[in-house]
Number of protein chains: 2
Amino acid sequence: MIQPNDNPKSESRNADYVLPPIGGNPGTSENVTTPGSFANPACIKPGSAGASTFSSPNSTGMPSLPTKTAWDFMPADWTCTDLENYERAEAWQAPEGFTAVTQLEHARLGTITPQMQRVAEREPHLTAEQVRDEVAAGRMVIPANINHLKYKLDPMCIGRASKTKINANMGASPVSSSTDEEVEKLHWAERWGADTVMDLSTGGDLDATREALIQNSNTPIGTVPIYSMIIGRKIEDLTPEIVLDTVKHQAEQGVDYFTIHAGILKSHIKLAKNRLIGLVSRGGSLLAKWMLQHNEENLMNTHWEAICDIMREHDVTFSIGDGCRPGGLADATDELQLAELVEIGKLTERAWRRGVQVMVEGPGHVPLDQIEFNMKAQRQICHGAPFYVLGPLVTDVFPGYDHITSCIGATNAAYHGASMLCYVTPKEHVGLPKKDDVKQGCIAYKIAAHGADIALGIPGVRDWDDDLTRARAALNWKKHFDLAFDGDTARAFHDEDLDVDTDFCAMCGHDWCSVRISKEIQEWASGKADGFDRGKTKKSPGLTPEQQQILEQRGHLSPEEIHKLAAKAKGKLTAKDDSGKASCHSDYVDPDEAKEVAPKETLVQLNTAEAHGLSKNDSII
Amino acid sequence: MIQPNDNPKSESRNADYVLPPIGGNPGTSENVTTPGSFANPACIKPGSAGASTFSSPNSTGMPSLPTKTAWDFMPADWTCTDLENYERAEAWQAPEGFTAVTQLEHARLGTITPQMQRVAEREPHLTAEQVRDEVAAGRMVIPANINHLKYKLDPMCIGRASKTKINANMGASPVSSSTDEEVEKLHWAERWGADTVMDLSTGGDLDATREALIQNSNTPIGTVPIYSMIIGRKIEDLTPEIVLDTVKHQAEQGVDYFTIHAGILKSHIKLAKNRLIGLVSRGGSLLAKWMLQHNEENLMNTHWEAICDIMREHDVTFSIGDGCRPGGLADATDELQLAELVEIGKLTERAWRRGVQVMVEGPGHVPLDQIEFNMKAQRQICHGAPFYVLGPLVTDVFPGYDHITSCIGATNAAYHGASMLCYVTPKEHVGLPKKDDVKQGCIAYKIAAHGADIALGIPGVRDWDDDLTRARAALNWKKHFDLAFDGDTARAFHDEDLDVDTDFCAMCGHDWCSVRISKEIQEWASGKADGFDRGKTKKSPGLTPEQQQILEQRGHLSPEEIHKLAAKAKGKLTAKDDSGKASCHSDYVDPDEAKEVAPKETLVQLNTAEAHGLSKNDSII
């Protein structure tokens, strides 16, 4: 009998293989890995001071490590006592009376915080020491406002050494949605795997919505504070006092990260001249307007250190906004975008010098061939600070499907170095997402994140896929759907055509099932993994209300037919004989036809010995 | 005023830029390009005998040209009279009495066929000479059975020098579907942009279905003849006579390409031993079973030349099947897959020697990091024969969403060298696709193909995206939706929230519209392209039946609300004043709120001169 460890190609599998502790409950990221020791030597930075200098997975797609880290941008009042080892906590002395507040400051002191511990639990391929060292190097952030930790926040990390994360945007606009709706969307996004949630409200009661999201979320909450700053006033009336007051208020509320568009400068404005679609970032365009009307430098940039000091006090993480991100393929990777990126690199250094954690936001529309360059440029210029990208879309002509156009770009972005992917929903460019759009956006982005993590070879990540393949090979439909990210949809789709869990499906029917034929071959592992046997053919269990709704919206079956499918678990369908095979019954297949495709013979084990010129009794493999 | 040619980054644009001749009618591939001269020097093979030796786009992602071409595998009875120039028609003498039948044979004689002419019309960046030379080199096929040309077939090509193509599978299975349904699906697939259609029927009246598809299709039809060969018999009863009879019958019917799994050999069978899911190709697993039971070599391989000769007679193109394609990430790029690929390379050479056009099929589940290697391996081993890939899926755990998991892989495959992408629908792995699944599969794959073509820099391809960006910048919703691939869906999504075409959308509302702010800036091109002006704010035109159905299935609005949206074109909503601005009316927004977000001021043109230290009258840009 085949053992799960026998496949020589499963390099990412841990020595002590155990089944991942999941079923079909999508949700937090730790679902998809197995506990175990960290064993991928490619993940150890070559020539480093030891395994403690952990870096990002070293795949073919991943750009090389930047030459500098946050250790190169220490606060002016810290003293280095050992220049040769300046990338270690032991080499530094904090100023007298210093008390660490942010995760970055704790890491600089060599401290492992409870949040780092928790992160290591959620990223089984990382130790708490490795998490600390990545945070100290600035390549990982743990967005955990000390005021949000008082509620239900479950600490997580964002950084290329860890699994790829996804963010779901929500928020009321003046035209649509309310506070209650937003809390409902929060829970919905968390159910479908969002790792962080941004509240982008520009309408309704902003303060109440934000408060409600913070109190109800397990995930970090991000905001774009400029939205609150200009409610009830024109952008031209924005002052440094309003900026700092708003930042302070939201930091006290418990927001975990702030998008602040401090990278766009007055000198950049002329570079937008020939763009097809100017500035598409709301924050960026508002601040450009402010600069034009005041003829002054971007006040977010000129007051950066004051903003940093407020954020440090509560450990709010920066997500430095890309106010000049392209709004179409034509504008991607242009002089303006890169000029802003250089300034963002400087802001990263300035924030690190104030002890604040930093991630950096990136472009929304980028042709596939330019994605790798974009990721490399950010990684070098921002010294490895985690990159948080929106999409990017790889074509502009599919509005209504931009969760797909963009998750293609997102997968490639993560593979080439992005740490968090901001989802895009089917409503992008045309309206505000409804509940199902949030689900579709989350799922497209879980696909992107997981697909990239597999490609990057993050230890343990592919085990989930391999188990589903084992279930598929065993024709074990129940296990197949239990393991599926959205088992309800997969089950509903299956039962729509054939409501019996038997040893084929409606795609090919019995005689044509290649998986069944593979299973027949005696010496093959296919379909024979321990714990994956399908057992006897079963009636499909009947549809849950969720599954019924999925079929209803597809509109291919009448309500009566769906009702039958839903009620069938109580029905009288039974196996016809003692072979354990049910009839190939489906309510929607003509009975004669159904009989025709029903299994007529039990599994024939094909011995391949003769085909290899050996006696039938020889076991050739 | 900005001219369409002003953007210096639009390298792919032709000198004589004209609007592409499309609206929102997705369909044939030529929609997305502009006529004009071929001007991309990167596409000329360096050091070639001249522009006539055209090769694939030379992007960063594209593997280098293979060292051999079909010119290295000429029929034994052709004579080379000029060895130095053996890659040109002039260097060869056909045997006496030779009459060319296949496109490959015509190309070898230097002839430009009417089909090559038509292909050049549909690929405006290629001349008919270039098409001929690509066909002669074996890097392009024109699947056009001479018997299908008698009906409605519109000749198209598959090859990396041309735009990426997509295939839609259909076909009745024993459990589901009928002939009429399949013809309806054919038209539906063609409407949504399928470039070829494969009839994979394994149930119903196979012969009648095939006949109906051939008579009704504008697109080439492919089949897997082994499916017909075993209807009514066991696989072990398959004989060479049955194989040749079936191939002959389908060739006479007018099938344009055949998938034949001749690459899997007896010696390969033991290599599947440790695979998690054995063989998932129906043809591959059936032939493996045949070999095991007969203890003989694959009869498709041993009778290859006889099959070739039948196919040549009607110009049927090979699509050499990959019977050993992986069925899960765990089995990707393994020894078995590569062993079969080597044999497929030999079959390619053998087919070329018989004058038959060849494309080659590729894997269905491949982690993102292995896709480039897979494409390179195929390109070298099969000497540049067009690669026709299924997906590949980049993760296995999202059944119900495999159109998405696979279109990510497909985009990358095309970017790295695949010429045609076989779609995967949401029903993959769980059942047979319904009509809407066909649409969803086609759209996901049009996204993949178009996204890859943009990245490859195929001349003219991005113009479509740039026009949509111009419409978006001008806030010209009508043009936006006319240009969208699926305008009905985009329009329905827009009107769901806000049924007025005004200078913002429901995503941000008026005050927050970055695109509106960009347009305000006097000296920027954004939103000011000729022919894209939105004119006065208009009522949205009311929903078509298709758009109503899209909203119905989303289920967010009541039937009454949808009815209102549909009927509103006849309604009484008018612009409130002479400014051309309609009120920000929406039936689904509270009237006070609507008033609040309505435009209170006309477009303010922001002059940026002062911000740059110049007099307001100076035009700085």
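Taking only the Cα atoms of the range A:168-284, the radius of gyration and Dmax are 15.4, 45 Å.
Express as a percent, rounded to the nearest 5, the fraction of DSSP beta bridges in the range B:29-456 (both residues included) that run antiparallel.
Values: 6 of 32 bridges.
Of the beta bridges lying entirely in the range B:29-456, close to 20 percent run antiparallel.
Dipole of the range A:464-538 computed with +1 at Lys/Arg Cβ and -1 at Asp/Glu Cβ about the Cα centre; of A:529, A:492, A:514, farthest Cα towards the positive end is A:529. Distant-in-sequence amide contacts of residue B:362, defined by a placed amide H-H separation under 5 Å and a gap of 5 or more residues or a different chain, comprise B:388, B:389, B:390. Ligands, DNA and RNA left out, the 1.4 Å accessible surface of the range B:433-571 is 52% carbon and sulfur atoms. Buried surface between chains A and B: roughly 11800 Å² of accessible area, summed over both sides, computed with a 1.4 Å probe on protein heavy atoms only. With label points defined 7 Å past Cα in the direction of Cβ, position residue A:78 shows copy-to-copy spacings of 7.0 nm, given to one decimal and shortest first.
Averaged over B:434-442, how many beta carbons belonging to a partner chain fall within 10 Å of each residue's beta carbon?
Numbers: counts 7, 2, 3, 3, 0, 0, 2, 0, 0.
The per-residue average across the peptide is 2.
Under 5 Å from the amide H of residue B:169 lie the amide H atoms of B:198, B:423, each residue being 5 or more positions distant or on a separate chain, with H modelled from the backbone and absent for Pro and chain starts.
Working note: Karplus 6.51/-1.76/1.60 with θ = phi - 60° gives the range A:536-553 the couplings 6, 4, 10, 5, 5, x, x, 8, 6, x, 4, 5, 4, 5, 4, 5, 4, 5 Hz, where Gly and Pro are set to x. Taking the charge dipole of the range A:144-456 about its Cα centre, with +1 at Lys and Arg Cβ atoms and -1 at Asp and Glu Cβ atoms, the residue from A:235, A:336, A:301 reaching farthest to the positive side is A:336. When the range A:144-456 is described by a simple charge dipole with +1 on each Lys and Arg Cβ and -1 on each Asp and Glu Cβ, the residue from A:366, A:261, A:422 located farthest towards its positive end is A:366. Accessible area of residue B:282 (1.4 Å probe, protein heavy atoms only, ligands and nucleic acids ignored): about 30 Å². For the range A:179-296, a crude dipole built from +1 on the beta carbon of Lys and Arg and -1 on the beta carbon of Asp and Glu, taken about the Cα centre, is about 940 debye to the nearest 20.
Taken along the Cα-to-beta-carbon direction at a fixed 7 Å, the label points for residue A:313 and residue B:553 span 5.4 nm.
Determine the shape class of the range A:144-456: with a ≥ b ≥ c the square roots of the Cα gyration tensor eigenvalues, call it rounded for a/c under 1.5, and otherwise prolate if a/b is greater than b/c, oblate otherwise. Can you show the working numbers first?
On the way: a/c = 1.26, a/b = 1.03, b/c = 1.22.
In terms of gyration-tensor shape, rounded.
With contacts taken as Cα pairs under 8 Å and at least 6 residues apart, the range B:29-456 reaches a relative contact order of 18 percent. Can you work out the FRET efficiency for the pair residue A:91 and residue A:335, with r the C-beta to C-beta distance and R0 = 45 Å, to the nearest 0.05? So, using R0 = 45 Å, E works out to roughly 0.70. Check the straight Cα-Cα distances from residue B:538 and name the aspartates and glutamates below 13 Å, setting aside those fewer than 8 residues away within the same chain. Output for residue B:538: B:495, B:499, B:501, B:503, B:577, B:578. Here the simple spin-label model places points 7 Å from the Cα toward Cβ, and for residue A:536 and residue B:297 these points are separated by 4.8 nm. The H on the amide N of residue A:259, modeled in the peptide plane, is under 5 Å from the matching H of A:223, A:224, A:319, each at least 5 residues off or on a different chain.
I need the calculated FRET efficiency for the pair residue B:522 and residue A:567, taking r as the beta carbon distance and R₀ as 56 Å, to the nearest 0.05.
About 0.25, to the nearest 0.05.
The packing ranking, built from the mean of other Cβ atoms within 10 Å per residue, places the peptides A:154-164, B:122-132 in the order A:154-164, B:122-132, highest first. Distances between copies at residue B:146, taken between label points 7 Å from Cα along the C-beta direction, are 8.5 nm in increasing order.
Per residue of peptide A:481-494, the mean number of Cβ atoms on other chains within 10 Å of the residue Cβ is 5.
When each of the peptides A:205-213, A:496-504, A:390-398, B:229-237 is scored by how many other beta carbons lie within 10 Å of its residues on average, the order from highest to lowest is A:390-398, A:496-504, A:205-213, B:229-237. For the residues of B:284-296, the average number of beta carbons from a partner chain within 10 Å of their own beta carbon is 4. When you count the other C-beta atoms within 10 angstrom of each residue and take the mean per peptide, B:103-113, B:454-464 line up highest first as B:454-464, B:103-113.
From the square roots a ≥ b ≥ c of the eigenvalues of the alpha-carbon gyration tensor of the range A:208-276, which class results: rounded (a/c under 1.5), prolate (a/b over b/c), or oblate?
Numbers: a/c = 2.59, a/b = 1.79, b/c = 1.45.
Prolate, since a/c reaches 1.5 and a/b exceeds b/c.
On the beta carbon distance between residue A:81 and residue A:146, with R0 = 30 Å, the FRET formula returns roughly 0.55.
Counting only Cβ charges, +1 for Lys and Arg and -1 for Asp and Glu, the dipole size of the range A:227-268 around its Cα centre is about 160 debye. With both labels modelled 7 Å from their Cα along Cα-to-Cβ, the residue A:215 to residue B:187 distance reads 5.8 nm. Within the range B:292-351, the GluC sites (Glu not before Pro) that combine a DSSP coil assignment with at most 16 other C-beta atoms in a 10 angstrom radius are B:296, B:297.
If you put +1 on each Lys and Arg Cβ and -1 on each Asp and Glu Cβ, how big is the dipole of the range B:29-456 around its Cα centre, in Debye rounded to 20? Could the numbers behind the result be given before it?
Details: 38 positive and 53 negative charges, 132 e Å.
I would put it at about 640 debye.
What are the label-to-label distances in nm, one decimal and shortest first, from residue B:376 to the same spot in the other copies, with labels 7 Å along Cα to Cβ? Going from nearest to farthest copy, the values are 1.5 nm.
Just check the range A:66-197 against the gyration tensor rule for me: Cα atoms, a ≥ b ≥ c as the square roots of the eigenvalues, rounded for a/c under 1.5, and otherwise prolate or oblate depending on whether a/b exceeds b/c. It is prolate, given that a/c is not under 1.5 and a/b is the larger ratio.
The values are calculated or read from the model by the stated rules, or taken from the named source; none is laboratory data. This is a predicted model, so every value here is computed, not measured. For neighbour counting, all protein chains shown are included, and Cβ atoms are generated from backbone atoms with ideal geometry for every residue, glycine included. To get the accessible areas, we keep the full protein, side chains included, count just its heavy atoms, and leave off ligands, DNA and RNA. Shrake-Rupley method; radii C 1.70, N 1.55, O 1.52, S 1.80 Å.
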